[in-house]
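The structure under discussion appears below in the form of structure tokens.
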Amino acid sequence: MDLKRTVVNLAPGPMVRFFAAPYVAGRGIESGVRTADEIWRDRRLHSTVDLLGEEVFAREDVEATVGVYFRIVDALEGRRYATISLKPTQLGIHDSEAYCLENVRRVAAHAAARGIGLTVDMEDHHFTDVTLRLFAALRAEFDTVGIVLQSRLFRTTDDIRALPPACRVRICIGIYNEPREVALQDKPAMKAKLFEHVQLLLDRGHYPEIATHDEPLVRRSVESLDRRGCPPSAYEFQMLLGVPRTAIQDELVREGRLVRLYVPFAVEWKYAIAYLRRRLAANPMMGAYVMKNLFRS
């Protein structure tokens with residue numbers, strides 16, 4: 001484990017929560033919905049709203065999570081600028097694949113009936129195969145369901161080639177600290193591969209959701225998209241709530257391109273700490289951003 005991850009993992013939960021707070025909408029469903037409304041009203045940014053919390057094992061907790069997602073969907077109904085994201089580890093994968101599929105399908109059906117898109121998030125490489133199987137089963141029934149692929153994994157090119165036709169795919173480098181046996185270890189290489197994956201997704205008729213905060217990569221992608229003659233309806237850019245990329249986001253929106261922010265909220269803060277630790281470890285500058293804003297004159 002590298003030093004920055006060690007430091008973050010040793011930090012007390014309240015400290016992690018303080019420094020990572022800009023990355024989280026707040027506590028409760030209403031905080032996620034309110035943030036989605038605000039960023040659309042003020043900046044015309046789309047959103048994908050996500051419940052923070054992973055590794056749910058007991059069936060009663062899985063059922064509670066399904067209930068939260070039903071309420072999120074109901075609260076977002078009519079908001080064409082908002083979707084939802086969810087994780088298999090929240091919805092029963094530790095019990096069985098069949099049980100997880102049943103639960104995700106319930107949420108997907110509820111969302112589809114209300115015109116809300118849903119993305120199945122990708123977790124660490126141990127869950128890649130099962131997540132792709134879940135997605136394939138859901139995609140056969142709901143065209144509103146999307147998937148996430150991670151450019152750091154060696155397998156991702158093959159996974160793109162195996163996708164069903166015309167998928168919505170969030171392509172990102174991935175936040176999980178994967179072993180060198182299965183993944184690239186060099187960030188520039190991951191970003192270069194992400195660009196390659198965007199091209200492959202377009203070549204194969206998919207809708208890439210280009211998830212990166214790297215401005216040179218964003219601009220390189222824009223140049224490539226324009227050179228290919230891709231209309232703005234054929235792709236989108238995605239970033240995290242709280243990352244200071246206002247200028248490039250607003251520039252993209254002015255150009256008519258769709259920008260979507262990942263808007264996580266917590267029902268209980270204790271369930272959000274794992275996510276916040278990963279974000280701090282991946283980007284230690286989060287703490288500097290918070291302190292700068294806190295003491296800004």
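Within the range 121-158, the residues that satisfy the criterion of being in contact with a Ser or Thr (Cβ under 6 Å, 6 or more places away or on another chain) and aliphatic (A, V, I, L, M) are 122, 149.
Please find, among 146, 115, the residue that is more than 25 Å from residue 212 (Cβ to Cβ), of a type in the set (Gly, Ala, Ser) and touching a Lys or Arg at 6+ places or on another chain (Cβ under 8 Å). The conditions single out 115. Remark: residue 32 falls outside the filter, which requires a residue to be closer than 25 Å to residue 113 by Cβ and either at pLDDT below 95 or assigned to a loop (DSSP other than H, G, I, E, B) (or both).
Remark: pairs (first residue in the range 26-49, over 22 Å from residue 211 (Cα atoms) and among the small types (Gly, Ala, Ser); second residue open to solvent by 30 Å² or more (accessible area, probe 1.4 Å) and not in a helix (DSSP H, G or I); Cβ separation under 7 Å; 6+ apart in sequence or on different chains) = 28/267.
The values are calculated or read from the model by the stated rules, or taken from the named source; none is laboratory data. Nothing here was measured: the structure is a model prediction, and the numbers come from that model. Neighbour counts run over all protein chains shown; Cβ positions are idealised from the backbone, glycine included. Side chains are part of the model used for accessible areas, which takes the heavy atoms of the whole protein and leaves out ligands, DNA and RNA. Shrake-Rupley method; radii C 1.70, N 1.55, O 1.52, S 1.80 Å.
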